[in-house]
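**Student:** Can you read through this structure? Questions will come right after.
The values are calculated or read from the model by the stated rules, or taken from the named source; none is laboratory data. Here the structure is a predicted model, which means the values were calculated and not measured. FYI the Cβ positions are ideal-geometry reconstructions off the backbone, even for glycines, and counts take in every protein chain you see.
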Amino acid sequence: MTDILALCLAIILFALALTYVRGCDLLRGSRS
Amino acid sequence: MSLNGWLQISLFIAAVLLLAKPMGSYLARVFERRRTFLDPLLVPCERLLYRMTGIKPEEEMRWTEYAIAMLFFSAATLLLTYIVERLQHLLPLNPQHLPAVESALALNTAISFTTNTNWQAYTPESTMSYLTQMLGLATHNFWSAAVGMALAVAFVRGIARRETKTLGNFWVDLTRGTLWVLLPISIVFSLALASQGVVQNFRPYDTAKLMEPQKVTGSDGKTTTVTTQTIAQGPVASQEAIKMLGTNGGGFFNANSAHPFENPTALTNFLQMLSIFLLPAGLAIALGQMVGSPKHGWAVLAAMVVLWFAGTFTCYWAESQPNPMLHGVDQHVSMMQSGGNMEGKEVRFGIANSALFATVTTDASCGAVNGMHDSFMPLGGMVPMANILLGEIVFGGVGAGLYGMLVFVVLAVFIAGLMVGRTPEYLGKKIEAYDVQMAMLYLLIFPFIILGFSAVTVLMPNLGLSSLTNHGPHGLSEILYAYTSATGNNGSAFAGLNANTHWYNYSLGIAMFMGRFMMIVPMLAIAGSLAGKKIVPASAGTFPVTTPLFTILLVSVILIVGALTFFPALSLGPILEHLLLRAGHTF
């Protein structure tokens, strides 16, 4: 159970990081 | 302070500066895929790796592709470390029969080593098997440093290239950084360390009989007599080399580089400090060569040296002062004693080399320690914390220091442009709104994580404050240092804080993750933006980035941004503690 919690947290963090990449890219797109 | 101490410090920085140019030239050749003397040996290995993994080295990546490749690589290696930690009791090379690492600690450690932080909320010799140390942790010492170098090189390409969308190939940069730079230097360095007495074996721990039995009172109040001491062993030399060279800092033993098996002599101490600065100094010179302006590399390196000196001087001065609480005790330097504050320091290193090590390890994002920062005088302990709070751009971590410094360069050039009323330019590239937005995002995320987590933690008596062993401003310093060290991906501990709790393991894990990846992304976005720009010819109004004026402006921007952001927190921690110590209060 604790492994699932730890791995879920890691997945959420990486998913947020990928979204963040997309967000920073979109911000540039919206300015050009 | 003594002349002897200053001579040793001068020798250290002279060695760094002497090695910077050859190291920088070599790094530039490696990442520009020019010929090096190691090619006959390593090119076949490189080709084999690409063939096995299906990598096409000629394929270029946009900044988003580069970032995503880096994130997937980090996720895969983080998972590997987590699995190894959780299954170590079933795996070989565990002569002490250590159990599986608890899940929250395993995640914290996996994030810690993936992000080049090497924060250790555990005692390595009683927690990690030899296999975990090698396969789970030492591998990350190579990978995370190689990732840092790849990212810095991608940023430099963004500056050097014109009207292109790509920054290189992440997998090629990762492979070449590991094969051409980290592995060869680590092998030579490991042998040098082993020659000085750093251990390298797979033996079970030794047990020594004490000459004098010791009475020890446990937390339950019971007194027992101890007659033996366990002496931990392990493959230390091979891990120690990359620990320092890759600015990782995670010790094989709990005492880190204060342990005589990790750092036995004055020579190993000197080499360890030198290896921390070797690649960051070389990368600054490589920057100059890769963008076609060697003087710019030296100007950036000069800013690093100025800030390094300020930290070293302050720390050495603070640690050399007599402790005002020890009335009537002779604390002056003499032939018989070091003088000043020797608490938490190794006699074989003394005050100068402990203060220098503390400054160097926190200027860079290393985090190895040869003395306990918690035992430094308040202002001496403030220096390591302030170094990390500045963003670890004073030499900095391998790669991370350079790209962090380049974000400050973008900001400095922007401010210079504002002062003269011109569109700011950096090496012929116009700095526009998007670049400054990303630079500010990079700079603001850092204090947001540190101060946010610290503030939440001090408001929670059961989860946060119960782990403290000191109260008052010193307790605040311990919490602030922990989140600073985690977010800055430094990994050194102030000590005095029991961080192996669920709250600290998870919150510090999140801080390490955000401090690494949430700062890399805007940095790469700037690089991608710069790569797509045209080169504007220099004119009379262009702000030169090769002069002492540029170095002064860069140092000023770094200090002003750092001071404005963190001065209130520092004033409630180490500065208040310093003033109260003078008034006779300790914590």
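**Student:** Going residue by residue through the range B:481-491, is there one that turns out to be under 21 Å from B:Tyr403 (Cα atoms), in a loop (DSSP other than H, G, I, E, B), among the polar types (S, T, N, Q) and more than 14 Å from chain A (Cβ to nearest Cβ)?
**Tutor:** Yes, some residue in the range B:481-491 is under 21 Å from B:Tyr403 (Cα atoms), in a loop (DSSP other than H, G, I, E, B), among the polar types (S, T, N, Q) and more than 14 Å from chain A (Cβ to nearest Cβ).
**Student:** Now a separate question. Would you check if there is a residue in the range B:464-475 being on the phi > 0 side of the Ramachandran plot, in contact (Cβ under 8 Å) with a residue 12 or more places away in the chain and touching a Lys or Arg at 6+ places or on another chain (Cβ under 9 Å)?
**Tutor:** No, the range B:464-475 contains no residue that is on the phi > 0 side of the Ramachandran plot, in contact (Cβ under 8 Å) with a residue 12 or more places away in the chain and touching a Lys or Arg at 6+ places or on another chain (Cβ under 9 Å).
**Student:** Further question on the same structure: Mind telling me which of the residues B:Gln96, B:Gln133, B:Gln120 ends up being of a type in the set (S, T, N, Q), modelled with pLDDT under 95, over 19 Å from B:Ala76 (Cβ atoms) and in contact with a Gly (Cβ under 6 Å, 6 or more places away or on another chain)?
**Tutor:** B:Gln120
**Student:** Within the set of pairs 6 or more residues apart or between chains, which connect a residue that is within 11 Å of chain A (Cβ to nearest Cβ) inside the range B:94-113 to a residue that is of a type in the set (Val, Ile, Thr) and buried (at least 23 other Cβ atoms within 10 Å of the Cβ) with Cβ atoms less than 6 Å apart?
**Tutor:** Cβ pairs passing all conditions: B:Ala110/B:Thr81.
**Student:** How about the range B:48-151: which helices (runs of 4 or more DSSP H) wholly inside it have at least 3 residues that are crowded, with 19+ Cβ neighbours inside 10 Å and among the aliphatic types (A, V, I, L, M)?
**Tutor:** In the range B:48-151, the matching helices (runs of 4 or more DSSP H) lie at B:63-86, B:103-114.
**Student:** What about B:Met460, is it without any contact (Cβ under 8 Å) to a residue 24 or more places away in the chain, farther than 21 Å from B:Gly367 by Cβ and either aliphatic (A, V, I, L, M) or part of a loop (DSSP other than H, G, I, E, B) (or both)?
**Tutor:** No; evaluated as a whole, the condition is false for this residue.
**Student:** Now, a different point. It is to be established whether one or more residues within the range B:450-466 are in contact with a Leu (Cβ under 7 Å, 6 or more places away or on another chain) and closer than 30 Å to B:Thr64 by Cβ.
**Tutor:** Scanning the range B:450-466, I find no residue that is in contact with a Leu (Cβ under 7 Å, 6 or more places away or on another chain) and closer than 30 Å to B:Thr64 by Cβ, so the answer is no.
**Student:** Return the residues of the range B:32-47 that are without any contact (Cβ under 8 Å) to a residue 24 or more places away in the chain and not in a helix (DSSP H, G or I); say none if nothing qualifies.
**Tutor:** Answer for the range B:32-47, where residues must be without any contact (Cβ under 8 Å) to a residue 24 or more places away in the chain and not in a helix (DSSP H, G or I): B:Arg34, B:Arg35, B:Phe37.
**Student:** Same structure, new question: For residues that are more than 7 Å from chain B (Cβ to nearest Cβ) and under 17 Å from B:Met519 (Cβ atoms), scanning just the range A:1-21, find the one that is surrounded by the most Cβ atoms within 10 Å (Cβ to Cβ).
**Tutor:** In this case the residue turns out to be A:Leu16.
**Student:** Exactly one condition in (1) within 14 Å of chain A (Cβ to nearest Cβ); (2) over 24 Å from B:Asn116 (Cβ atoms) is not met by B:Ala525; state its number.
**Tutor:** Looking at each condition in turn, B:Ala525 falls short on (2).
**Student:** Restrict the check to the range B:388-409 and report whether at least one residue is away from chain A (no Cβ under 14 Å), surrounded by fewer than 21 Cβ atoms within 10 Å (Cβ to Cβ), in a helix (DSSP H, G or I) and among the hydroxyl-bearing types (Ser, Thr, Tyr).
**Tutor:** no
**Student:** Further question on the same structure: Sort through B:Glu425, B:Glu432 and tell me the only one that's at pLDDT below 90 and within 14 Å of chain A (Cβ to nearest Cβ).
**Tutor:** Going through B:Glu425, B:Glu432 in turn, the sole match is B:Glu432.
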